[in-house]
Amino acid sequence: MDEQKHILTMLVENEPGVTARVSGLFAGRNYNIDTICGAPTHDPEISRITVTTQAEPRVFEQIMKQVRRLINVIKLRDMSGEDAVKREMALICVHATIKKRAEIMQIADIFRSKIVDTGSQHIILEVTGRPEKINALLGLLEPYGIKKLARSGVLALYREP
């Protein structure tokens, strides 16, 4: 079977070491984490950790079972389906000469990204959206020269009925 991209979100107790235990579980069983993002929720006692990974369906089932057994995990959901809103944020520093600046700004506008910093030889863009959107923007900016890139990792919430 082929590996598929999976997104799992967990609500966990907001205590020191919980993220380390989650990432340790992945490392200890030789599962790779593509992205991991964690932050407190509206309830200061609870944090949300979102992990993306590539795995065969059978292996992903094992990952879910192992994560559920962690003591600080309150709730676990597979967010891979279409019923979830998925977003990522990226900061992209692009080499921008005066001659190419207008072209880069036009590309940024098409992707509804914001220019958050400019210098004599660079522009830093902020973009949010589905990972596919960010990848498409990166593909268009690559010929100009991407100097630096920081991505948040995927965040996901299920749509309310």
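Scanning region 145-155 for residues that are part of a strand (DSSP E or B) and either surrounded by 16 or more Cβ atoms within 10 Å (Cβ to Cβ) or not basic (Lys, Arg) (or both) turns up 146, 149, 150, 151, 155.
How many residues does region 19-49 contain that are at negative phi and in a loop (DSSP other than H, G, I, E, B)? If you could, list the steps in order and put the result at the bottom.
So the first thing to find is which residues in region 19-49 are at negative phi, and the list is 19-29, 31-49.
With the extra rule that they be in a loop (DSSP other than H, G, I, E, B), the set shrinks to 29, 31-34, 41-45.
Qualifying residue count for the region: 10.
Of the candidates 52, 19, the single residue that is hydroxyl-bearing (Ser, Thr, Tyr), surrounded by 16 or more Cβ atoms within 10 Å (Cβ to Cβ), closer than 19 Å to residue 152 by Cβ and touching a residue at least 60 places away in the same chain (Cβ under 8 Å) is 52. Taking residues in region 55-70 that are aromatic (Phe, Trp, Tyr), and partners anywhere that are surrounded by 15 or more Cβ atoms within 10 Å (Cβ to Cβ), the pairs with Cβ atoms closer than 7 Å and at least 6 places apart or on different chains are 60/6.
Within region 91-106, which residues are loosely packed, with under 11 Cβ neighbours inside 10 Å and either charged (D, E, K, R) or in a strand (DSSP E or B) (or both)? First the steps, then the outcome.
Keep residues of region 91-106 that are loosely packed, with under 11 Cβ neighbours inside 10 Å, which gives 98-99, 102, 106.
Across region 91-106, the qualifying residue is only 99.
Scanning region 63-76 finds one or more residues that are assigned by TED's automatic domain parsing to the domain that holds residue 34, assigned to a helix (DSSP H, G or I) and among the charged types (D, E, K, R).
Which residues, counting only those in region 107-139, are part of a strand (DSSP E or B) and touching a Leu at 6+ places or on another chain (Cβ under 8 Å)? Quick ask: steps written out before the conclusion?
If we filter region 107-139 for residues that are part of a strand (DSSP E or B), which is where we start, we get 114-118, 122-129.
Passing the criteria: 114, 115, 116, 124, 125, 126, 127.
Only one of the listed residues (142, 88) is in a strand (DSSP E or B) and either among the acidic types (Asp, Glu) or on the phi < 0 side of the Ramachandran plot (or both). That residue is 88.
Scanning region 107-132 for residues that are surrounded by 16 or more Cβ atoms within 10 Å (Cβ to Cβ) and either at pLDDT below 95 or not assigned by TED's automatic domain parsing to the domain that holds residue 147 (or both) yields a single hit, 131.
The values are calculated or read from the model by the stated rules, or taken from the named source; none is laboratory data. These numbers come from a predicted model, not from an experiment. No Cβ is skipped: glycine too gets one built from the backbone with ideal geometry, and neighbour counts run over all protein chains shown.
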